[in-house]
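The values are calculated or read from the model by the stated rules, or taken from the named source; none is laboratory data. Computed from a predicted structure; not experimentally measured. Ideal geometry is used to build each Cβ from the backbone, glycine not excepted, and the neighbour counts take in all protein chains shown.
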Amino acid sequence: MVEFIGRTSTDESDMLFQGVLLRDFVDLIGAEDANQITVRASDGHAASLPREDWQRWPIVLVTRAKGKSLTIRQRGPARIVYPSKRYPDLTKQIYDDRSVWLIRNIEW
């Protein structure tokens with residue numbers, strides 16, 4: 001598990017988030033050779049995340065906030081968070097579009 005303090009969208013205040021690095025998760029699920037993964041949300045949104053993203057940046061698959069499991073109200077049960085506060089290059093719309101919440105499944 002990794003932790004960071006921040007906000008994952010402009011309508012949230014800073015809080016403590018926990019989760020796993022996406023690169024570790026991809027290895028754990030056996031997708032280490034995948035060129036991309038597709039993350040699908042329960043609201044119908046889907047995004048393809050290319051391998052170079054999770055290899056280059058410490059993207060987090062967030063599952064907890066303030067030590068507790070994410071709720072639907074917090075856009076859980078899991079969400080993809082790009083570390084845009086630490087890496088200004090990630091403030092582009094393309095990375096916002098890849099920051100999926102309400103994750104239902106991940107495919108490769």
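Among the strands (runs of 3 or more DSSP E) confined wholly to the range 15-60, which include 1 or more residues that are aliphatic (A, V, I, L, M) and under 14 Å from Val100 (Cα atoms)?
Details: elements: 15-21, 36-41, 46-50.
Counting at least 1 such residues, we get 36-41, 46-50.
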Residue pairs qualifying under the 6 Å Cβ cut-off, at least six apart or on distinct chains, with the first in the range 19-30 being under 13 Å from Trp57 (Cα atoms) and the second being of a type in the set (Phe, Trp, Tyr) and modelled with pLDDT under 95, are none
The number of residues in the range 17-45 that are among the aliphatic types (A, V, I, L, M), surrounded by fewer than 18 Cβ atoms within 10 Å (Cβ to Cβ) and within 14 Å of Ala78 (Cβ to Cβ) is 4
If we ask which residues in the range 6-44 are more than 14 Å from the chain's Cα centre (by Cα), farther than 14 Å from Ile106 by Cα and not charged (D, E, K, R), their number turns out to be 4
Residue within the range 72-89 that is surrounded by 13 or more Cβ atoms within 10 Å (Cβ to Cβ), farther than 22 Å from Leu28 by Cβ and of a type in the set (A, V, I, L, M) present: no
